[in-house]
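What follows is a single structure, written as structure tokens, with notes after it.
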Amino acid sequence: QVHLVESGGGLVQAGGSTRLSCAASGLTFSLYIPAWFRQAPGKEREFVAGISWSGRTSYADSVKGRFTISRDNAKSTAFLQMNSLNAEDTAVYYCAVRPGTDIPTMPSQYGYWGQGTQVTVAS
């Protein structure tokens with residue numbers, strides 16, 4: 001059974017940084033696309049970043065140049081380094097995975113999800 005566990009986040013000052021981790025189990029991680037989504041109160045869940053097995057990445061325009069997604073296949077873990085944070089980045093951040101090589105941005109394209117971790121940016 002696939003299991004994803006996010007960690008990191010918490011309260012961060014505006015302009016600061018934090019790193020999220022997503023530890024996966026129950027799957028051959030190298031064959032999956034991990035991605036990060038976020039959902040702010042009253043808003044729909046939105047794509048943040050994704051990374052293929054080869055390291056190809058995709059980012060939402062709102063986080064390009066500030067966030068970096070990476071993966072460690074040996075540890076079955078994906079990361080999201082978040083820099084230059086602002087209040088608009090406040091949300092629950094979710095890790096999701098899907099098999100294959102594409103990096104879709106629709107949540108419905110991902111079959112497995114973590115429980116989410118809160119990131120709050122204090123201005």
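The values are calculated or read from the model by the stated rules, or taken from the named source; none is laboratory data. Keep in mind the model is a prediction, meaning the values are calculated, not measured. Neighbour counts are summed over all protein chains in view; Cβ atoms, including those assigned to glycine, are modelled from backbone coordinates with ideal geometry. Accessible surface is based on the protein model in full, side chains and every heavy atom, while ligands, DNA and RNA are left aside. Shrake-Rupley method; radii C 1.70, N 1.55, O 1.52, S 1.80 Å.
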Selected residue (criterion: nearest to the chain's Cα centre (by Cα)) from residues of the range 73-96 that are under 18 Å from T28 (Cβ atoms) and assigned to a strand (DSSP E or B): C95
Residue within the range 51-65 that is in contact with a Leu (Cβ under 8 Å, 6 or more places away or on another chain) and modelled with pLDDT of 95 or more present: no
From S17, S30, residue being in contact with a strand residue (DSSP E or B) (Cβ under 7 Å, 6 or more places away or on another chain), in contact (Cβ under 8 Å) with a residue 24 or more places away in the chain and among the polar types (S, T, N, Q): S17
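Conditions tested, residue by residue: (1) part of a loop (DSSP other than H, G, I, E, B); (2) open to solvent by less than 20 Å² (accessible area, probe 1.4 Å); (3) among the small types (G, A, S); (4) closer than 26 Å to T101 by Cβ.
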residue	(1), (2), (3), (4)
C22	no, yes, no, yes
I33	no, yes, no, yes
W36	no, yes, no, yes
P41	yes, no, no, no
V48	no, yes, no, yes
S54	yes, no, yes, yes
D61	yes, no, no, yes
Among residues of the range 33-45, those that are of a type in the set (D, E, K, R) and free of Cβ contacts under 8 Å to residues at least 60 places away in the same chain, counted: 2
Which listed residue, of S123, S76, is modelled with pLDDT under 95, of a type outside the set (F, W, Y) and farther than 16 Å from F47 by Cα: S123
Qualifying positions in the range 63-72 - open to solvent by 60 Å² or more (accessible area, probe 1.4 Å) and either touching a residue at least 24 places away in the same chain (Cβ under 8 Å) or assigned to a loop (DSSP other than H, G, I, E, B) (or both): K64, G65
The range 97-121 - residue that is open to solvent by less than 40 Å² (accessible area, probe 1.4 Å) and in contact with a helix residue (DSSP H, G or I) (Cβ under 7 Å, 6 or more places away or on another chain) and, of those, nearest to I51 (Cα to Cα): V119
Filtered residues of the range 79-107 (kept if of a type outside the set (A, V, I, L, M) and over 18 Å from K43 (Cα atoms)): F79, Q81, N83, S84, R98, P99, G100, T101, D102, P104
Top-ranked residue of the range 1-20 - restricted to ones that are polar (S, T, N, Q) and not in a strand (DSSP E or B), ranked as most open to solvent (accessible area, probe 1.4 Å): Q1
